[in-house]
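Okay, structure first, notes after.
Every read-out reported here was derived from the displayed coordinates using simple, explicitly stated rules and does not represent laboratory data. In this text, all values refer to a predicted model and were calculated from it rather than measured experimentally. No Cβ is skipped: glycine too gets one built from the backbone with ideal geometry, and neighbour counts run over all protein chains shown.
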Amino acid sequence: MSLYGVTEDQPFGDDIITFRLEGKIFACLWLGGGRHDMKDSHPRIALKLPPERNEELRECFPTVKPAWHWNKKHWSDVYYESIEDAQVEKWIYESYRLIASKLPKNVRQKYESVVQERTLSSRVYRD
């Protein structure tokens, strides 16, 4: 919620919080329990990332899997309890920037500094 322009809601029930930028979901946090406790009981967050980035993360981190209820090409479930907080925060920010970069031009201007950071070397986000 500290990212500029982010809102949250719970359209899927009390056990899931979605984080949006200009109405577009970039992260979906499963709180555990409730009606979405179908696959397992491990806390996770679904993040939208470019397909090649999702593949890379899944190869490098055994706790990053194709998202269960999302398009598996564009979304990954991150079982964050076994990954350093700083790493997860980088991925959340990466997802946020991806959504910002896809907004209509007149809306995207509000987030121009965020979108421009997307052009930085990808190495910054793989540390």
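With a threshold of 23 Å on the Cα-Cα distance, the over-threshold entries among Lys90/Lys110; Lys73/Lys105; Lys24/Lys73; Lys65/Lys90 are Lys73/Lys105. Computed from the C-beta positions of Phe61 and Thr18 and an R0 of 25 Å, the FRET efficiency is 0.65 to the nearest 0.05. Neighbours of Ala67, meaning other residues whose beta-carbon lies under 10 angstrom from its beta-carbon, give a summed charge of +4 when Lys and Arg score +1 and Asp and Glu score -1. A simple rule links phi to the HN-Hα coupling: the Karplus curve 6.51 cos²θ - 1.76 cosθ + 1.60 with θ = phi - 60°, which for the stretch 72-88 gives 5, 6, 9, 10, 10, 8, 10, 7, 6, 5, 9, 10, 4, 4, 4, 5, 4 Hz, with x for Gly and Pro.
Once the Cβ-Cβ distance of Val6 and Trp70 is raised to the sixth power relative to R0 = 25 Å, the FRET efficiency obtained is 0.85.
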